[in-house]
Amino acid sequence: MADEAKQKPTSWSCTAEAVNEPLDRLTVGSIYKINCSGDFVDHSRKNLQIILDKKSEYQIYLLEVLDDSPTSVLAQVTSYKPGPLKDLEFTFADGAGVSWPVRGVDVEIQSVIDPQKGPPQPFGPMGPIKASLEWWFYAFFISLGIVVLGLLLRKTFRIVRKKNFFINNDIEPEQAWLRAFGIKSRKGIFDKSKDRQVYLEFNKTIRELTKKLPQEGKAEAKDIAEFCESLKNRYDKYYTQMLWVPVKEMSMADLLREIKWQDRRFYQRHAAEIKRVKSEIDRSVKQPEKMSAYDCQQLLQMSRKSAALIYNYKKGGKEL
């Protein structure tokens, strides 16, 4: 008889009560109350739950029992599936094995999806900004502008560093700017009006060094070392000013490569002579103890001839 009592069909129905949202605006996930009542059912409040069939799954879910009696249950629930609940059939069941059917809740759950836009796509926009074709269009060009601006600033800084480098190596500011922009110094590219002045100053230095030339038999190692150092400094400065090349900071291979880049014809005609003279002058500075007064005199003549090569070439292509 007890089993028959537990399984005796009853007739319960429910009404809905609002919690945070009006009943006509309930959507999936909204919380609301149901107040169910009917025939007398001796049940336990402990472990009370709502049981649905497969078809009605997720339409209503029990969150908390707020109050109950043998003829009523007040509970807080939510719904995870849209649709009307007027004809919904479900079952209350407690932990003691008592269960009884319930029919209908007078609400309709709305979908949170806009029917005109369709379901949201996976990995949608994160945050409050809604991405559109126009937004991405502008974002692309803004990003492109930032990249171009960065490249221009980088190029500008490199040009300024090059200009300062050439100025620090005895190249005049006007020529240093052109050189920093990568302009070659061969004939016709820049104003040659100062070449003659540079050439005359070099020859003046050579004459001064000739007067200080150590005499054979009276030359001391210190005097020869000072002579070789002075000749090298003036020779490097001359080629720096005439070719816009920082000779002091370059190896022989780099110097010849730079001359070849600036003027291949001059390189083919005179590179070997320039290499020979500069190598001898550099060697004299590194090994002055092996130099004699006669060797110093020969270096002067070689440097004078080498200086004339580039001056006459730039002047009009005339060789000595």
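Filter the stretch 52-62 down to residues that are surrounded by 13 or more Cβ atoms within 10 Å (Cβ to Cβ) and either in contact with a helix residue (DSSP H, G or I) (Cβ under 6 Å, 6 or more places away or on another chain) or not small (Gly, Ala, Ser) (or both), then give me how many there are.
Here is the first cut: in the stretch 52-62, the residues surrounded by 13 or more Cβ atoms within 10 Å (Cβ to Cβ) are 52, 56, 59-62.
Retained after the next criterion (residues that are either in contact with a helix residue (DSSP H, G or I) (Cβ under 6 Å, 6 or more places away or on another chain) or not small (Gly, Ala, Ser) (or both)): 52, 59-62.
Total meeting the criteria: 5.
Which residue pairs have Cβ atoms closer than 9 Å, lie 6 or more positions apart in sequence or on different chains, and pair a first residue in the stretch 12-29 that is touching a residue at least 24 places away in the same chain (Cβ under 8 Å) and surrounded by 13 or more Cβ atoms within 10 Å (Cβ to Cβ) with a second residue that is part of a strand (DSSP E or B) and aromatic (Phe, Trp, Tyr)?
Trp12/Phe92; Trp12/Trp100; Ala16/Tyr32; Val19/Tyr32; Leu23/Tyr32; Leu26/Tyr32
Give Val98, Val107, Val65 a once-over and let me know the one that is under 30 Å from Ser11 (Cβ atoms), in contact with a Phe, Trp or Tyr (Cβ under 8 Å, 6 or more places away or on another chain) and modelled with pLDDT of 85 or more. It would help to see each step written out before you state the result.
Numbers: Val98 fails: in contact with a Phe, Trp or Tyr (Cβ under 8 Å, 6 or more places away or on another chain); Val65 fails: in contact with a Phe, Trp or Tyr (Cβ under 8 Å, 6 or more places away or on another chain).
After applying the criteria, what remains is Val107.
Counting only residues that are under 20 Å from Glu201 (Cβ atoms) and of a type in the set (Lys, Arg), which one in the stretch 271-320 is surrounded by the fewest Cβ atoms within 10 Å (Cβ to Cβ)?
Just the residues of the stretch 271-320 that are under 20 Å from Glu201 (Cβ atoms), to begin with: 274, 277-278, 281, 299-315, 320.
Keeping just the survivors that are of a type in the set (Lys, Arg) gives 278, 304-305, 314-315.
Details: Lys278: 21, Arg304: 16, Lys305: 12, Lys314: 21, Lys315: 14.
Looking at the filtered set, the residue picked out is Lys305.
Can you name the residue in the stretch 30-40 that is of a type outside the set (A, V, I, L, M, F, W, C) and within 14 Å of Thr78 (Cα to Cα) and is also surrounded by the most Cβ atoms within 10 Å (Cβ to Cβ) among such residues? Lay out the reasoning, then the answer.
First, pick out the residues of the stretch 30-40 that are of a type outside the set (A, V, I, L, M, F, W, C): 30, 32-33, 35, 37-39.
Applying the additional criterion that residues be within 14 Å of Thr78 (Cα to Cα) yields 30, 32-33, 35.
Working: Ser30: 20, Tyr32: 22, Lys33: 18, Asn35: 16.
Among those residues, the one meeting the criterion is Tyr32.
Looking only at the stretch 66-111, count how many residues are over 59 Å from the mean Cα position of the chain (by Cα), assigned to a loop (DSSP other than H, G, I, E, B) and over 16 Å from Asn35 (Cβ atoms).
Residues flagged as over 59 Å from the mean Cα position of the chain (by Cα), assigned to a loop (DSSP other than H, G, I, E, B) and over 16 Å from Asn35 (Cβ atoms) within the stretch 66-111 amount to 6.
Consider the stretch 41-51. How many of its residues are loosely packed, with under 15 Cβ neighbours inside 10 Å, part of a loop (DSSP other than H, G, I, E, B) and in contact with a strand residue (DSSP E or B) (Cβ under 8 Å, 6 or more places away or on another chain)?
The number of residues fulfilling the criteria is 1.
Considering each of Glu21, Glu4, Glu17 in turn, give the residue that is at pLDDT 90 or above, of a type in the set (D, E, K, R) and either part of a strand (DSSP E or B) or more than 13 Å from Leu85 (Cβ to Cβ) (or both).
Numbers: Glu21 fails: at pLDDT 90 or above; Glu4 fails: at pLDDT 90 or above.
It is Glu17.
Just to verify a result, which residue in the stretch 248-281, among those that are touching a residue at least 40 places away in the same chain (Cβ under 8 Å) and within 43 Å of the chain's Cα centre (by Cα), is farthest from Asn168 (Cα to Cα)?
Asp263
Any chance the stretch 202-215 includes a residue that's surrounded by 14 or more Cβ atoms within 10 Å (Cβ to Cβ), at pLDDT below 75 and farther than 26 Å from Arg283 by Cβ?
no
Kindly list the number of the only condition in (1) on the phi < 0 side of the Ramachandran plot; (2) of a type in the set (A, V, I, L, M, F, W, C); (3) modelled with pLDDT under 65 that fails for Phe123.
Status for Phe123: all satisfied but (1).
The values are calculated or read from the model by the stated rules, or taken from the named source; none is laboratory data. This one's a predicted model, so the numbers in the text were calculated from it and none came from an experiment. Quick reminder, even Gly has a Cβ in these numbers, built from the backbone with ideal geometry, and neighbours come from all protein chains shown.
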